[in-house]
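Student: Can you read through this structure? Questions will come right after.
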Amino acid sequence: MTDQQPPTQQSRTQGNPDYRDAGLRFPDGFVFGSATASYQVEGAANEDGRGPSIWDTFSHTPGKVWNGDTGDVAADHYHRLEEDLDLMTSLGLQSYRFSISWSRIQPTGRGEANQAGLAFYTHLVDGLLARGIRPIATLYHWDLPQALEDQGGWTNRETAYAFADYARIVGEELGDRVATWTTLNEPWCSAYLGYGSGAHAPGRTDGEAALTAVHHLNLAHGLAVLALKEVVTNDPDFSITLNLHVLRGEGETGPEAVRQIDALANRVFLSPLLKGEYPADVFEDTKDITDWSFVRPGDLDIIRQPLDVLGVNYYSTTLVRLWDGVSPRQNSDGHKDVGGSPWPGADRVEFLAQPGPYTEMGWNIEPAGLEELLVSLHEEFPDQPLMITENGAAFADEVVATPDGPAVHDAERVDYLRRHFTAAHRAIARGVDLRGYQVWSLMDNFEWGYGYSKRFGIVHVDYDTLVRTPKDSALWYAKLVGSGVIPK
Ligand code: IFM
């Protein structure tokens, strides 16, 4: 999503220029929830027949993850499910966005279902419904079964078909109860961080592999929606979640840099999903890397499935220009820099640091970017309902003793959430069909290459005792969910 000029916030919006509004009411039916992902919270990595995923392999490889952290135990959500469900009830959550571990269902990514794996998610979905919480299930949040990676992973077209088989198995089990099926979470990360930069599992650094993975992930999405539609018996929403980049260009070369990154980060997903075509400029920009012959006749018809809701994850903005080839190259693209590039064909693009404030990830806090993103999506795809499927912030939280017991006074996260809920509200006021907001994350968890060093939860997890402590942000959010109005 592009916006060449940083917006003049006051000119574009009513209310406080810094988005610190209170008292705004969300429409009836707006779904307030929170999100997690399997490898980040579940733990129980070697239990009940679960097979290894690429993230087990990656995190157990020395040097790949901060401090050698792994998801072996994570937040132990697998064993603390009842407690966590009750926690959701105590916060009044209306939805829970979780992901399903493919290798818990099919340990090698193919073949018979592992009944113990299905039982866990059955328990989870039933527990949510018993508490009146809407289940939003993501089928893939980056934890590919290792056995499939050994056969080429997302560079192998067969992985897309295996994914559809897996979707069918899960759909047959839960397809009378799940409210929203999200096929993929952030395929940008799976493809470009997994196969391009190597910052994520499986840690490959090959631009052609990354672009091949992009297409096979898009194809997997379409095949999975088709498979699910054959087996579900309720009337769920079908969805995919994208981490679209809100781009700003600097200087004379800004527009060209924005075009290149918009193509690779945004349009290479949005165009096939919503228009049934790949952007011509992506082919041109990457022609020295691949001829895109992995796109076969008929693929785009499969990929373009009607989306009941498009999931949008938003954290910050991205500032780019073309590198002059002389001065030291800047690479502040917000992703862990491990040497490889997540931007095949965009070798001349430079990613510039932006003004703060920042979160603990070093990401700039810019609620206007969320409003811009939602409005620009609405302008381009006016009939497409949207849902914020992730938004939140990592800060260095501390548990303190109070007369009422342990507490976490995470004022910065409360402020971050207030400003982004305000941005979402402003987008709705400008006509965006925004259906809900899933705060990332329900609880502190394994933050991929950063291990447990970054805390995104609204609930604190003590990684020694696994005790959960709702932070002030959780209590603030409970007030918002309960009233539908942004609290003070
Ligand atoms: O923790 C991740 C999540 O898994 C995907 N979206 C971004 C979050 C914060 O980095």
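Student: Keeping to the range 349-371, report how many residues are within 16 Å of the ligand (Cβ to nearest atom), in a loop (DSSP other than H, G, I, E, B) and not aromatic (Phe, Trp, Tyr).
Tutor: Matching residues across the range 349-371 total 6.
Student: So Asp308 ticks every box in (1) open to solvent by less than 20 Å² (accessible area, probe 1.4 Å); (2) farther than 25 Å from Gly203 by Cα; (3) under 20 Å from the mean Cα position of the chain (by Cα) but one. Which box is left unticked?
Tutor: Just one mismatch for Asp308, condition (1).
Student: Asp48 fails exactly one of the following numbered conditions: (1) outside any loop (DSSP other than H, G, I, E, B); (2) out of contact with any Ser or Thr (no Cβ under 8 Å at 6 or more places or on another chain). What is the number of that condition?
Tutor: Unmet for Asp48, out of (1) outside any loop (DSSP other than H, G, I, E, B); (2) out of contact with any Ser or Thr (no Cβ under 8 Å at 6 or more places or on another chain): (1).
Student: Return a yes/no flag: does the range 432-443 have any residue that is modelled with pLDDT of 95 or more, surrounded by fewer than 16 Cβ atoms within 10 Å (Cβ to Cβ) and under 25 Å from Asp84 (Cβ atoms).
Tutor: Scanning the range 432-443 turns up no residue that is modelled with pLDDT of 95 or more, surrounded by fewer than 16 Cβ atoms within 10 Å (Cβ to Cβ) and under 25 Å from Asp84 (Cβ atoms).
Student: Looking at Gly68, is it small (Gly, Ala, Ser), surrounded by fewer than 20 Cβ atoms within 10 Å (Cβ to Cβ), modelled with pLDDT of 95 or more and closer than 17 Å to Val41 by Cα?
Tutor: Taking the combined requirement at face value, the residue satisfies it.
Student: Let me ask something else about it. Among the residues of the range 51-107, how many are over 18 Å from Pro470 (Cβ atoms) and either of a type in the set (A, V, I, L, M) or not in a strand (DSSP E or B) (or both)?
Tutor: 33
Student: What tally of residues in the range 414-431 results from selecting those that are within 16 Å of the ligand (Cβ to nearest atom), touching a strand residue (DSSP E or B) at 6+ places or on another chain (Cβ under 7 Å) and either open to solvent by 30 Å² or more (accessible area, probe 1.4 Å) or among the aromatic types (Phe, Trp, Tyr) (or both)?
Tutor: 0
Student: Tell me which residues, restricted to the range 377-392, are in a helix (DSSP H, G or I) and either open to solvent by less than 30 Å² (accessible area, probe 1.4 Å) or basic (Lys, Arg) (or both).
Tutor: Across the range 377-392, the qualifying residue is only Leu377.
Student: Shifting gears a bit: Using beta carbons and a limit of 8 Å, which pairs, at least six apart or on different chains, have the first residue in the range 439-452 and in contact (Cβ under 8 Å) with a residue 12 or more places away in the chain and within 7 Å of the ligand (Cβ to nearest atom) and the second one part of a helix (DSSP H, G or I) and of a type in the set (Gly, Ala, Ser)?
Tutor: So the pair list comes out as Glu447/Ser453.
Student: Something else now. Restricting to the range 73-106, what's the tally of residues that are open to solvent by 40 Å² or more (accessible area, probe 1.4 Å) and in contact with an Asp or Glu (Cβ under 8 Å, 6 or more places away or on another chain)?
Tutor: Residues flagged as open to solvent by 40 Å² or more (accessible area, probe 1.4 Å) and in contact with an Asp or Glu (Cβ under 8 Å, 6 or more places away or on another chain) within the range 73-106 amount to 0.
Yes/no per residue for (1) buried (at least 17 other Cβ atoms within 10 Å of the Cβ); (2) at pLDDT below 95:
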site	(1), (2)
Asn313	yes, no
Thr317	yes, no
Asn331	no, yes
Lys336	yes, yes
Ser341	yes, yes
Gly345	yes, no
Arg348	no, no
Phe351	yes, no
Met361	yes, no
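The values are calculated or read from the model by the stated rules, or taken from the named source; none is laboratory data. Just so we're clear, the structure is a prediction, and the values are computed from it rather than from any experiment. No Cβ is skipped: glycine too gets one built from the backbone with ideal geometry, and neighbour counts run over all protein chains shown. Just so you know, the surface numbers come from the protein's heavy atoms only, side chains and all, with ligands and any DNA or RNA stripped out. Shrake-Rupley method; radii C 1.70, N 1.55, O 1.52, S 1.80 Å.
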